[in-house]
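Asker: Sharing a structure below in structure tokens format, with a few things to ask.
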Amino acid sequence: LLWTPSPTNGLELNYCRNPDGDRIGPWCYTTDPERRYESCNIPQCKDEVCITCNGEDYRGQVDHTESGKECQRWDQQFPHQHIYQPEKYPDKSLDDNYCRNPDASPVPWCYTTDTETERESCDISKCTSVEMNPFTTNCFRGRGEDYRGKVNETASGIPCQRWDVQVPHRHPFIPNIYECK
Ligand SMILES: *[C@@H]1O[C@H](CO)[C@@H](O)[C@H](O)[C@H]1NC(C)=O
């Protein structure tokens, strides 16, 4: 099950959100009984700017190490065998060959495509305080769990169903069970 409850998933009104870390980015249940849910037409943010703390929530697209080595894809076991298979750690967003920090290391890292170097840290700048707000409104980062904009229709133009109602589609993402919305 990909869905992990979070206190900050922002299920307001009928805005497109991604409470379950779905690969399609922000989505919503639609008001069309025939279409249960659909992704929304929200652009991805161009760059992941920076990391906070040790970058466990980094979802950007840096794909090389601090010494310039190309990262190995997380879904491959070559040249280095490893335990961080994406399907075993669905909440870690082990996408493509991007630097990630699934094991609470000091900074994001990756396995490298260099047979001599198993893994290496990535050089991703730390956020200054003005950049600390993790939420985005005009685009989404990573899979869009932190998107908090006001798009309320799907990519094909169907209005979204409100998160706090269960028609036309019944669903588990009930806003009231979360502390912050
Ligand atoms: C979508 O949101 C806008 C405000 O952002 C609102 O005016 C409009 O009524 C909403 N549409 C639907 C179908 O909820």
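The values are calculated or read from the model by the stated rules, or taken from the named source; none is laboratory data. Just so it is clear, the model here is predicted, and its values are computed rather than measured. For neighbour counting, all protein chains shown are included, and Cβ atoms are generated from backbone atoms with ideal geometry for every residue, glycine included.
Asker: Being surrounded by 12 or more Cβ atoms within 10 Å (Cβ to Cβ), assigned to a loop (DSSP other than H, G, I, E, B) and without any contact (Cβ under 8 Å) to a residue 40 or more places away in the chain, is that true of even one residue in the stretch 119-127?
Answerer: no
Asker: Taking only pairs six or more apart or across chains, which ones have beta-carbon atoms under 6 Å, a first residue in the stretch 77-95 that is over 14 Å from Trp109 (Cβ atoms) and assigned by TED's automatic domain parsing to the domain that holds Tyr58, and a second residue that is hydroxyl-bearing (Ser, Thr, Tyr) and modelled with pLDDT of 95 or more?
Answerer: Pro79/Thr115
Asker: Across the stretch 45-87, which residue is farthest from Pro134 (Cα to Cα) among those that are crowded, with 18+ Cβ neighbours inside 10 Å and among the aromatic types (Phe, Trp, Tyr)?
Answerer: Trp74
Asker: Quick one: is Cys110 touching a Cys at 6+ places or on another chain (Cβ under 9 Å) and either touching a residue at least 40 places away in the same chain (Cβ under 8 Å) or part of a loop (DSSP other than H, G, I, E, B) (or both)?
Answerer: yes
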